[in-house]
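Q: Have a look at the structure that comes next, please.
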Amino acid sequence: MADSIAHKILKDHLVEGYLDKGSEIGIRIDQTLTQDATGTMAYLQFEALGADKVRTELSVSYVDHNTLQNGFENADDHRYLQSVAARFGVWFSRPGNGICHQVHLERFGAPGKTLLGSDSHTPTAGGLGMLGIGAGGLDVAVAMGGGLFYLNAPEIIKVNLIGSLAPWTGAKDIILEILRRLTVKGGVGKIVEYSGPGLAGLSIPERATITNMGAELGATSSLFPSDEVTRKYLISQGRGKEWRSLEADPDAVYDEEITIDLTLLEPMAAAPHSPDAVKPVSEFKQVRVNQVAVGSCTNGSYHDLRLLAEIMKGQVVHPDVSLVVAPGSRQVYLSLAREGIIESLISSGARILETACGPCIGMGQAPSSGGVSVRTFNRNFQGRSGTADAQIYLAGPAVAAAAALKGILFDPRELGEFPSMDEVPDPVIDDRMIIAPPQDGKNVDIIRGPNIKPLPVNQKLPDKLDLQVLLIAGDNITTDHIMPGGSKVLPLRSNIEALSEYVFAPLDQEFSERARKSGGGLIVAGENYGQGSSREHAALAPMYLGIKMVLAKSFARIHRANLVNFGILPLIFSNETDYDFLSTDDELIIEDLHHQLEKESITVCMKKNNKKIIACHGLTSRQLAIVKAGGLLNYTRDKNIK
């Protein structure tokens, strides 16, 4: 049978189940990555599993999120992460070495391998022909212990790229166009696979920009073939032996196909407050800009930052604009410095930030009140920048440069001739900021600061639920709404008791207190509940507050899995109009729950009028067992997987 790239990799790693669309499969994971905002909890969970050492081919712990050290908490987490990595056989990428996705692409990623990461943008690795999947930290902990990763066999979308990019357009415009067509829900349950003659003109960093933002489609992953472009990139990284050819069979069958003529693309931007609110920059009229931020795991490559420097060469940033630049990795930073590009950027008025996630997760450089920021990042959810009323536009480096020079959202084609970009020189390779684990780490002492609290564990699911509706949430609620980030909250990721004070704070500042007083309850939500980040804290902290159930019109993939992992029952309205009948005054009752879960339909009764709401769960027998056990940790302990 002719196969897509995705099916070839899945078949090579399939351990349980069959590749029938929608059915649950279990795959072997070759590599894992964690970052410090999710990693501390992931390693606490790994410790709780009782494994003596990681059992993957390679696991890497990165420090790239919580690098703004306003107090002791982040620094303490970094010491814990370094010591626990040495103890259990994990490579450790030190603070300052760069953003996990950029560094993994450069130094560890390999075509045809599987990568599971506790970050939703793990599919960045698909730019190399590697199947990268974002997941909650508990799923990653189980994979590090040698367990399988479970997902529903995905549909495969083929994106056929024809033609070549015109001057002033780039990879960011390709993925923004796909988001415009498919929306933030268009990739749920799917893998996006790229093909066509247009591939030849896209470098690995450009391909990685596209696969990175496949997460904004809700896609399970995104993949490019491993071809001659891939081979040359790996050779430049001194890793030519990792290359293998990997392409779809000529007659492979796909579930959906779309074609994009690159020649016709214009410079694009996503307007506030969603990555799919996309239109050509030429259609935005006189949007005054206060800040421009270039970098992140999406557009922090040598090519991206050099383009910015070339456009701005000999000029200075507009007096009303603050321009900040964050190289994606230490390798990129060193390469830019060697070529004099950092000096050029500074001369143009840019402020150079450290190689970290920084402003992308609200960790510094928050815009002014009501400010407009043009960013080459991947998300522009309201409040994510650290300023609740800021207006965030997403664009590529050419549009960002034009905005920095003109002080308005400006079509870069009007700047004149596109700058000449010579072939990218070989990168500076220096791995001294990556620490290899010792051969035997059994005698390594794990260092725990006072902010690292014991891991909360759920109780088994009761057979009767009598729950108050604590919140009615709308469509496209993000994990930033559920469990916000930023410099105030992110340092609490290893202290769930303190973190739980902020659950749903962007929507309802009284939520946490109300949940505590009522002893828990349930959430009612609209479509695509839990889109965005893979942060399992958006399930773990609500579980700590006693949330037993979420009743929604639909769920984002990773968050639904995280709810299951922490023993919160995710139910879907069978009739979406029932959503309109519910309010925060209601109590919902489910009798004989365990028996009902054996069927697809669940009867939920409204206590005040005995109205029956029919819901469905769509859970596999394995997922049901996890929910009943009170979460994956309990389930794994019960199964004695060590």
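The values are calculated or read from the model by the stated rules, or taken from the named source; none is laboratory data. Not measured: the values here are computed from a predicted model. Neighbour counts run over all protein chains shown; Cβ positions are idealised from the backbone, glycine included.
Q: Checking the structure you have, find out if any residue of region 615-638 is surrounded by 14 or more Cβ atoms within 10 Å (Cβ to Cβ), in a strand (DSSP E or B) and at pLDDT 95 or above.
A: Scanning region 615-638 turns up at least one residue that is surrounded by 14 or more Cβ atoms within 10 Å (Cβ to Cβ), in a strand (DSSP E or B) and at pLDDT 95 or above.
Q: Now for a separate question. Gly214: crowded, with 16+ Cβ neighbours inside 10 Å, of a type outside the set (S, T, N, Q) and on the phi < 0 side of the Ramachandran plot, yes or no?
A: Here the answer is yes, as Gly214 does meet what is asked.
Q: For region 432-444, how many residues are under 18 Å from Leu334 (Cα atoms) and outside any loop (DSSP other than H, G, I, E, B)?
A: 1
Q: With the condition kept exactly as written, say whether any residue in region 331-353 is under 26 Å from Gly218 (Cβ atoms) and either in the same structural domain as Leu176 (by TED's automatic domain parsing) or part of a loop (DSSP other than H, G, I, E, B) (or both).
A: No, that holds for no residue.
Q: Now for a separate question. Would you be able to tell me the number of residues in region 472-499 that are crowded, with 22+ Cβ neighbours inside 10 Å and either more than 13 Å from Gly530 (Cβ to Cβ) or not polar (S, T, N, Q) (or both)?
A: Going through region 472-499 one residue at a time, the tally reaches 12.
Q: Still on this structure: Could you list, in sequence order, the residues of region 424-456 that are under 30 Å from Glu510 (Cβ atoms) and surrounded by fewer than 16 Cβ atoms within 10 Å (Cβ to Cβ)?
A: Pro450, Lys453, Pro454, Leu455, Pro456
Q: Look at Gln596 and say whether it is surrounded by 15 or more Cβ atoms within 10 Å (Cβ to Cβ) and without any contact (Cβ under 8 Å) to a residue 24 or more places away in the chain.
A: Criteria met by Gln596.
Q: Same structure, new question: Applying the selection to region 269-298, what residues are of a type in the set (A, V, I, L, M), closer than 13 Å to Ala403 by Cβ and not in a loop (DSSP other than H, G, I, E, B)?
A: Ala269, Val281, Val292, Ala293, Val294
Q: If I ask for residues that are over 22 Å from Ala326 (Cβ atoms) and either hydrophobic (A, V, I, L, M, F, W, C) or under 20 Å from the mean Cα position of the chain (by Cα) (or both), which ones from region 84-110 would you list?
A: Matches in region 84-110: Val84, Ala85, Ala86, Phe88, Val90, Trp91, Ala110.
Q: Got at least one residue in region 570-585 being among the aliphatic types (A, V, I, L, M), part of a strand (DSSP E or B), under 29 Å from Leu217 (Cα atoms) and at pLDDT 95 or above?
A: yes
Q: If only one of Thr169, Thr124 is under 21 Å from Gly295 (Cα atoms) and assigned to a loop (DSSP other than H, G, I, E, B), which one is it?
A: Result of the check over Thr169, Thr124: Thr169.
Condition check ((1) touching a residue at least 40 places away in the same chain (Cβ under 8 Å); (2) surrounded by fewer than 21 Cβ atoms within 10 Å (Cβ to Cβ); (3) among the hydroxyl-bearing types (Ser, Thr, Tyr)) across all residues:
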{"residue": "Phe224", "(1), (2), (3)": "yes, no, no"}
{"residue": "Lys241", "(1), (2), (3)": "no, yes, no"}
{"residue": "Glu266", "(1), (2), (3)": "yes, yes, no"}
{"residue": "Arg288", "(1), (2), (3)": "yes, yes, no"}
{"residue": "Val294", "(1), (2), (3)": "yes, no, no"}
{"residue": "Asn299", "(1), (2), (3)": "yes, no, no"}
{"residue": "Tyr302", "(1), (2), (3)": "yes, no, yes"}
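Q: Further question on the same structure: Any residue that is without any contact (Cβ under 8 Å) to a residue 60 or more places away in the chain and in a loop (DSSP other than H, G, I, E, B) - is there at least one of those in region 371-385?
A: There is at least one residue in region 371-385 that is without any contact (Cβ under 8 Å) to a residue 60 or more places away in the chain and in a loop (DSSP other than H, G, I, E, B).
Q: Now, a different point. Go over the candidates Gly358, Gly364, Gly349 one by one and state the one that is surrounded by fewer than 18 Cβ atoms within 10 Å (Cβ to Cβ), in contact (Cβ under 8 Å) with a residue 12 or more places away in the chain and on the phi > 0 side of the Ramachandran plot.
A: Gly349
Q: Let me confirm something: among Ile447, Ile429, Ile392, which residue is in a loop (DSSP other than H, G, I, E, B), touching a Ser or Thr at 6+ places or on another chain (Cβ under 6 Å) and either among the hydrophobic types (A, V, I, L, M, F, W, C) or over 30 Å from Lys548 (Cα atoms) (or both)?
A: The match here is Ile447.
Q: Give the residues of region 235-264 that are aliphatic (A, V, I, L, M) and touching a strand residue (DSSP E or B) at 6+ places or on another chain (Cβ under 9 Å), sorted by residue number.
A: Once the filter is applied, which keeps residues that are aliphatic (A, V, I, L, M) and touching a strand residue (DSSP E or B) at 6+ places or on another chain (Cβ under 9 Å), region 235-264 yields Leu246, Ala248, Ala252, Val253, Ile258, Ile260, Leu262.
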